[in-house]
Amino acid sequence: MGKNDHEAIRAVLAGEKDAYGALVVRHSQSLFRVAFRITGNESDAEDVVQEAFLRGYRKLDSFESRSNFGTWIYRIAVRCALDRIGGRRLDDFSRVADETDPEQEQVQVADEAAGPDRLLLSGEIGAMQEAALRSLTPTERTAFMLRHMEDCTGEEIGEVLGIPPNAAKQAVFRAVKKLRSRLAPLRVMR
Amino acid sequence: MTHLSEEELIEQYYSKGADGLGEHLKDCAECAEAYAGLQSDLDEIEFAPLPEREGDYGEKIWQSIASSLPTYEARRRSWLGAGLWRTLSYAAACAVLVIGVFNAGRLWEHKQQGSTTASIPPKTQAPVAAPPPQRIVVVVLSDHLDRSERFLVELKHADADSEEMVSPLRDEARSLQAANRICREDAKKNDDPALTKALDRLDGVLAELANQPGGLNAAALARLQDEMKSDSLLFEVRVLRSRIPDRQRTASNRSEGDAI
């Protein structure tokens, strides 16, 4: 795959614009998956995928042949997704924070959610989990998603997020702790 | 027993036992219970189901962006082309300059050789090797006049009563005699009466100093010093010495075709 990617990149840089189409087709699904995980929105995810490929095309001449194009464009997509959710982070996440935390841009509000019994009965456990995930910072959410869903290592997460591997691991640890704290009420229903 | 931290348990969960903490979990009921709770919590966490994408999703994405992408070749020409052509232009200009200077040097050298050869009649080409000896003689003459000047200065200020000064003067006079004869003969050949006359008088002084019967005594030295003052030999030598550069140039110009 890597060899084919590099051949396509050389062709694009030589003037064959259509060769980039092969790269787009090959990596669109994985980019959509990560974009959707981060943005949580299908429409946003599609926009992120397009923007990532556009950015990738513009930067293609700076792409190092030793690198893996898949990882490279994946990283761009994560950046695009984080940029996209950055603007609406307060709106979406402040309502579900446990406590006021200016550093995390979170505020404490009254919990309007129903109790565990009702949640269980109404089948809203998934919504609660989603709310818990959204209570994370974008970095924590992305790091956790990459670790939990994509099975990425700390080094890979750090590379994608542009942070040291140890910081990536710490982001995963914080995310897990927060999620467990948020989802503690569900334990009594197991 | 030290229990595992929550971070270690999380690492254990995601590394699937690769961290080697499994042994501890077997032995420590408290950690095993904590790990079971963590495992249960994390196993329960599920992201929202991923919306299905059609098989031609990639094609659709490509079609949506293809029209907005510039052709890379054109962009590369605009980005790299300018720099590349500029570099090539500089390189070409440098190459032309180097070649031009090289050819000019060769032409100049060829012209110089041609003019030198043309100015010498074919029949006199054999004796052309003579100019270098003339230059050597000129150099010897200048050296000789330098030495003579120093010698005459020493003689002028010599203490006639000091044997330590008189003896070296005699030796130096004998040494200068041979060179003086050569220079005088060349002066005669070159038809330089002023130089010939001065060297003649110098020869007289040198001979008298070198061959004084019974050695150089105080009276003889005093007499020579008086003669030097009266006929200004030292001054004349200095004047001749100062003329050497002019003579050298003249001799050089004259050497074209002339042999000494």
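Read-outs throughout are calculated quantities, based only on the coordinates presented, and are distinct from any laboratory measurement. Note that the structure is predicted; figures quoted are calculated from it, not measured. When we count neighbours, we look across all protein chains shown, and the Cβ atoms used for this are built from the backbone with ideal geometry, even at glycine.
Our coupling estimate for the stretch A:141-158, obtained by passing each phi through the Karplus curve with A = 6.51, B = -1.76, C = 1.60 and θ = phi - 60°, is 4, 5, 4, 5, 4, 5, 7, 7, 9, 9, 6, 7, 7, x, 5, 5, 5, x Hz, Gly and Pro reported as x. 3J(HN,Hα) couplings calculated from phi for the stretch A:57-74 with the Karplus curve 6.51 cos²θ - 1.76 cosθ + 1.60 (θ = phi - 60°) are, in sequence order, 5, 5, 9, 4, 6, 9, 5, 7, 5, 6, 7, 9, 4, x, 5, 5, 6, 4 Hz; Gly and Pro show x. In this simple spin-label approximation, B:Glu7 and A:Ile125 carry label points 7 Å from Cα along the Cα→Cβ vector, and these lie 3.1 nm apart. Label separation (B:Arg147 vs B:Ser167): 2.1 nm, computed from points 7 Å beyond Cα along the C-beta direction. Karplus-based coupling profile of the stretch A:8-18, in residue order and whole Hz: 5, 5, 4, 5, 4, 5, 8, x, 8, 4, 5, with θ = phi - 60° in 6.51 cos²θ - 1.76 cosθ + 1.60 and x standing for Gly or Pro.
Return the FRET efficiency for the residue pair B:Arg86, A:Lys17: r is the Cβ-Cβ distance, R0 is 25 Å, and the value is rounded to the nearest 0.05. Before the final figure, lay out the partial values.
On the way: r = 26 Å, r/R0 = 1.05.
Between B:Arg86 and A:Lys17 the formula returns 0.40.
How much length would be gained if the chain were fully extended between B:Glu23 and B:Thr71, taking 0.36 nm per residue of separation minus their Cα-Cα distance, in nm to one decimal? It would help to have the intermediate numbers written out before the result.
Numbers: separation 48, 0.36 × 48 = 17.28 nm, distance 5.95 nm.
Length difference between fully extended and current span is 11.3 nm.
Model label sites at A:Asp61 and A:Ser43, defined 7 Å from Cα along the beta-carbon direction, differ in position by 3.7 nm.
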